[in-house]
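See structure below.
The values are calculated or read from the model by the stated rules, or taken from the named source; none is laboratory data. These figures come from a predicted structure and were not determined experimentally. Using ideal geometry, Cβ is built from the backbone for each residue, glycine included, and neighbour counts are taken over all protein chains shown. These area figures cover heavy atoms from the full protein model, side chains too; ligands, DNA and RNA do not enter into them. Shrake-Rupley method; radii C 1.70, N 1.55, O 1.52, S 1.80 Å.
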Amino acid sequence: MVLERTFSILKPDVTRRNLTGKINEKIEAASLRIIAQKRLWLTLPQAEAFYGVHATRSFFNDLCAFMTSGPVVVQVLEGENAVVAYRDLMGATNPANANPGTIRKEFAESIEANSVHGSDSLETAALEIKFFFSDLEIVG
Ligand code: ATP
Ligand code: MG
């Protein structure tokens, strides 16, 4: 049992459909605590910097356009094994492959508009949390 922090984004398809509460209900039901949260409209440079690891991928420009198409909610989640626990709750990147009960199976519209982001490792989580939040904004 290890208490960890991970980083979460509720993507523009979620804010557009007014589903932030429904998704956070699932996050909290999975014993993940939302210890920091804010609503933002990302600029293109911010989206490009955040998804920089995907800069050479064919879907990069479309992904950044989607992520700047409306507001997002960025969050820090804390819980036991939070990185893997939240990835499991999110489900597969492509909702067609996501397991029943996962956020993406229930809510995602497509492989691109797939409702949520979650850090893929503890190291990435630390970097992504720092990208959006100062220590003062994280209240565990
Ligand atoms: P995320 O990083 O958002 O948590 P992930 O780790 O499951 O998702 P990545 O491979 O990191 O998936 O891809 C980042 C995001 O890019 C995906 O969540 C999705 O929005 C988009 N994406 C990934 N693959 C494709 C694709 N083949 N076509 C269109 N968009 C894609
Ligand atoms: Mg990823």
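Numbers for the structure displayed
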item: Test: residue in the stretch 30-45 that is open to solvent by 20 Å² or more (accessible area, probe 1.4 Å), at pLDDT 95 or above, within 16 Å of ligand 2 (Cβ to nearest atom) and of a type in the set (Lys, Arg); result: no
item: Candidates Ser69, Ser119, Ser110, filtered to the one that is of a type outside the set (A, V, I, L, M) and in contact with a strand residue (DSSP E or B) (Cβ under 7 Å, 6 or more places away or on another chain); result: Ser119
item: Flag if Ala92 is part of a loop (DSSP other than H, G, I, E, B), more than 25 Å from Val2 (Cα to Cα), under 14 Å from the mean Cα position of the chain (by Cα) and not charged (D, E, K, R); result: no
item: Residue count, the stretch 76-88 (criterion: surrounded by fewer than 23 Cβ atoms within 10 Å (Cβ to Cβ) and more than 21 Å from Phe59 (Cβ to Cβ)); result: 8
item: The stretch 99-133, subset part of a helix (DSSP H, G or I), open to solvent by 30 Å² or more (accessible area, probe 1.4 Å) and farther than 15 Å from Thr20 by Cα, residue nearest to ligand 1 (Cβ to nearest atom); result: Thr124
